[in-house]
Structure formats: structure tokens, C-alpha cells
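Step one of this worksheet: look at the structure below.
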Amino acid sequence: MPTHNRDIAAKFDELADLLEIQGANVFRVRAYRNGARTLRDLPHSVVQLLRDGTDLTELPGIGADLAQKTREIVETGELSDLQEIVQDVPESLIDVMGIAGLGPKRVKTLYEALGVRDLAGLKKATESGEIQDLSGFGKKTEQNILEELATRGSGEKRFRRRDAEELAEPLIEMLRQIDGVDQAIIAGSYRRRKETVGDLDILLSCSDAGPVMDRFVAYDDVQRVLSHGQTRASVVLKGGLQVDLRAVARESYGAALHYFTGSQAHNIRVRQLGQQRGLKVNEYGVFEGETRVAGRREVEVFEAVGLPEIVPELREDRGEIEAAQTDKLPDLVTLDDICGNLHSHTDWSDGAGTLEEMAQAAKARGLSYLAITDHSKAVRVAGGLDADRLARQIDAIDDLNESLDGITLLKGIEVDILEDGTLDLPDAVLARLDLTVCSIHSRMNLSGDKQTTRVLKAMENPNFTILGHPTGRLLGERAGYQLDMEQVIAQASQGGHVLEINAQPARLDLDDTHAKMAREAGVKLSIATDAHAGTHLDLMRFGVDQARRGWVTADDVINTRDLQGLRKLLRG
């Protein structure tokens, strides 16, 4: 039976996907998606809430129907509505819908016209040339599908950082509670805060490793034990994530932590610096001849080769060695620097909270301002706002601000960038706002030239403030649309526009390389949660991690300003 919130939420997401393919009522689909978001982001276990007798309808976005279905999933492990719909719509079509450009209507057409039931069937139909003959598809769509299928077919399985964290953190906490354990740290790309990870390396320092290895392989969430020794063990968790545990001698722990944190390219550079000083640097320490001269603490490795300590997020050999040598390492942005959030949704569109609930959630998290940026009318499935509804929301925000204390709501909109580069709402109403988040939610399969022209034209609008989730990617599901980011960054620099680092774990868009390009071009950034519920404001840390990997400082981020400073910046 599902015991994790993420597993319960996944069933509602799956049901919503299949209902959307089936052509069900958009409000019903949205209700399941909102419910899934709420459950996934709860700080407490749903199972425990039910055991405690909590009324789930008190949670945002959870009505009586979803509360009953949540209880059904917890008690039986199944969802009867989901079992019924898969009689008519194969579950494997969800994977097909994950291909860029294949929304529910197109997936339904593929299923009914060509019998496509899964990615293998899609590949076969595409390679045979059948898809280009379907109404509304064409040869270019067929080619785009082939290219994305080829991309998906390469490389190892990777986990979004947040998914890996949900599996890893309870395990690492269990290890740290064992008597005799001094340190247990997850190294690798996880420690470097990469957006996805392939597996986990945990480094252990303890008085007696054998019993710790025994506890590790007996951990409740272990699905399969790959190896079990006295100082090393490897398992696959029930979520499919491989975890390797290594016990390291105390005198070598810092060196091992540096080595296994990586990246490989960074480590090579550090070893080269050591060689220039007659030193050998490896996972066991820093050696002069046969004598270990450093290695107990990680900072000792850097000091031995003449460097200040470099934070894990920068260890990619993208200039951090040279910056460290010249005392030019950036003072990276931190979560404590963030003063507000500039991308959030309410129940005026597809969010789960009211204006006041979102305001209070932001205040409770120490923010001083929150921009309300509900969807515009082009996103019909989200109940997007037309000009009249936006005007009413502007008035509602003004009224609410008069009674709020310690938090200010900013008036905004996530306005769609239409195919021709115009914005989805009239300039007259957009001009009344504090800011706009301008995003693409349709026609993601345009050519690179057309997509870039689309965005550049939108940026010419005087009401354009922030480019939301700039590439439109969904990690592990959908590649970003074709976009010349160098041109976009150049235009943003020239026009004083802001690029968003969307903190949603499925997006983390901009990526770290584009964030670094942007700040080097003098472009300001907004780290924003794209919150659809109050709990989503807690996702800010993932955006901050992404920004840090991109060498971003607090000054590069507009929402590190206090309210007065932000207003001044927005006014130009």
C-alpha cells in the first residue's frame, strides 16, 4: 500500500492524465491535479494524518471526493476510478503524452487512428511515416517526435533532485542515529546540487563499520541488495534509486568527501595543482612521497594545493579554479537572501489557495511580498483570467493589501506569449500591474528560429517584465523548446528584462549554464516558486540551489531586494 505522499499524489496525477486524454471536464482534471500538488507538498504524512483523525477536507484543494479517494488509496493501495478508466485508456499513453507537442487531443488521435498505446508503438508509427499523414500533424511533427524519442533512449535513468531527496534523507538520518557514527554525508552530484542524479554515494565515518552496513542493507525501503561487505555495501531502494555506502578512515574522510563529490573534471584540475607542488592527491589524502600531509578535513585538500575552499555547487571546472586562484569566487546567493516570491497562483486560476491564504503562507515563511501571477485566458485548462477578471483581481488585491500586516501582495499575471509574439491580454490592463511573468504554454514545437522570434517580439512589449520558465522543459519528461538563449539573453540585457529561475523541481528552468550566461551578461534573475499552493513556497530552496550552480549572487536576483528596492528596480 502507498505510504509516501508522493505515491498517493502520483495516482491522482495519473488519473488526471488519463481523464485529459479521454476528454473529461477540465475542472475535474484540474481538481485532481490540484489535489496531487497539495498531497505531494504536505510536510506531514497523509497516512499519519488519517491515523490521527484529521479531516483532509481542511487541506487546500481537497474536497470531500478527493478526501474519500485519498483514504481509499491509503487503505487499499488502489484507486477504483483509475482501475475503471484504464479499461478504456491504456496507462502507457501517459508516457506518450510526455513527448513535446503531444497533448491529450493528439494522443487520443494517435490511439484511435493508429492504435498507438505506448512509446514503442509511437516509435514504430513515426518511423513508418504514418503520423505525418494524420490531420493536424505533418512531417515536421513526425521528425520532432523521432528526435525526442532518440534523446530519451540515451543515457542512464536519472532522478529529479527532489525525488532523490525524498528517498535519501530518511536513510541518511537513520544512519546518523546509529551509535558510533561520526559522519554520514551524501557526496556526488547530489552534494553539488545538480538538478538530477543517477545514484547516490554516501560516505561514512564510524568506529565500527560492520554493524552499520548490516543496518543499511536491512533498511525498510531497500528493494534489492547488490553487495554487502564490512566496509562497503550497495542497495537499490524501492523507488529504484541505487545507493552505495562506503566507510572511510577518519584521517581520510575529507579527501574522500572531496573525491567522491567531484566533478571528475574538477578533481583532475585539483590533482594537477597538487602535482605542480610535488603532491599526490587522491581519495585517501594528500601525500608528499609516502607521507599523508592532509585529508582529515575537506578544506585541507584545497589548502594543500593553494586554493581557498570551493563550495560543491561550483565544482564543475567552469572557471572556479581560476576564480579561486585570483580571489574572485562569487559570494553566492542563499535562501536567507530571498525577500519575496514573484510567481504564484491562486484559486482565481489553477491554484489551491485564496489570495489571503497565499499571503499568509508567504508571511509565515518570512517573505515580505508575494506577486500574484495567475494564468491568462489562453490557458483554458487552468481557468486563465481574461481582462475583466484580471481587473477585478487587481481591485481585490488592492482591497486585501489594506488589511494585510507584514506582507504585501503585488499585482501580476502569468501572461501567455502567443504564437505571433503578442501577449495574451491588452496592454491597458497589463499596464496596471506591478509586473508580468511572460511564458509559453502552447506551440512548443515551433522551429528554433520561429520560437526565438516569438520570444524576442514579446520582449519588445513595454509591459514585459520577466520571462517565465524560459525553455519550457520538464526534467525527465519533456525537452525544452528550441530557443536561441544567446539571443534571448542579449535582448534581455539590452531591454533590462528579467529571466526566471523557476524553482519547481520538475522545471529548474533556467538551467545552471544559462543562469551563468545571463549573470555574465548583466541580466537580472528572479528565483520564483511558481507556487500553486502555500506549501509550494517551500520549493524556493531548489531554485536557490540552481542559481548557486550558475554562480549567481544576491545582487543578480531581483527578489533579494526589499519591497522598496524591488519597486524602484521594476520602475526602471
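Derivation of every value follows stated rules applied to the coordinates shown; laboratory data play no part. These numbers were taken from a predicted model, which means no experiment stands behind them. Using ideal geometry, Cβ is built from the backbone for each residue, glycine included, and neighbour counts are taken over all protein chains shown.
Each residue in the stretch 98-125 was checked for being part of a helix (DSSP H, G or I) and under 16 Å from ASN445 (Cα atoms), and 4 of them qualify.
Taken over the stretch 467-511, the criterion of being without any contact (Cβ under 8 Å) to a residue 40 or more places away in the chain and part of a strand (DSSP E or B) is satisfied by LEU467, LEU499. Residues in the stretch 284-323 that are of a type in the set (Gly, Ala, Ser) and crowded, with 19+ Cβ neighbours inside 10 Å: GLY285, ALA294, GLY295, ALA304. With the requirement that a residue be aliphatic (A, V, I, L, M), touching a residue at least 60 places away in the same chain (Cβ under 8 Å) and either closer than 24 Å to ASP347 by Cβ or in a helix (DSSP H, G or I) (or both), what does the stretch 41-88 give you? Result: LEU42, ILE73, VAL74, LEU82, ILE85. The requirement of being in contact (Cβ under 8 Å) with a residue 60 or more places away in the chain, among the hydroxyl-bearing types (Ser, Thr, Tyr) and under 30 Å from LEU430 (Cβ atoms) is fulfilled somewhere in the stretch 332-347, by at least one residue. Here ASN445, ASN461 are screened, and the one residue that is farther than 25 Å from ALA361 by Cα, out of contact with any strand residue (DSSP E or B) (no Cβ under 9 Å at 6 or more places or on another chain) and part of a loop (DSSP other than H, G, I, E, B) is ASN445.
Hey, any hits in the stretch 223-235 for a residue that's under 21 Å from GLY254 (Cα atoms) and either touching a residue at least 60 places away in the same chain (Cβ under 8 Å) or in a helix (DSSP H, G or I) (or both)? No: the stretch 223-235 contains no residue that is under 21 Å from GLY254 (Cα atoms) and either touching a residue at least 60 places away in the same chain (Cβ under 8 Å) or in a helix (DSSP H, G or I) (or both).
Restricting attention to the stretch 371-396, the residues being touching a residue at least 60 places away in the same chain (Cβ under 8 Å) and more than 24 Å from ILE527 (Cα to Cα) number 4. Which residue pairs have Cβ atoms under 7 Å apart, sit 6 or more places apart or on different chains, and have a first residue in the stretch 351-370 that is touching a residue at least 12 places away in the same chain (Cβ under 8 Å) and over 17 Å from ASP41 (Cβ atoms) and a second that is assigned to a loop (DSSP other than H, G, I, E, B) and among the polar types (S, T, N, Q)? Sorted first by the residue in the stretch 351-370, then by its partner, the pairs are LEU355/THR346. Looking only at residues in the stretch 232-279 that are surrounded by 15 or more Cβ atoms within 10 Å (Cβ to Cβ) and of a type in the set (S, T, N, Q), which one is farthest from the chain's Cα centre (by Cα)? Top of the filtered list is SER252.
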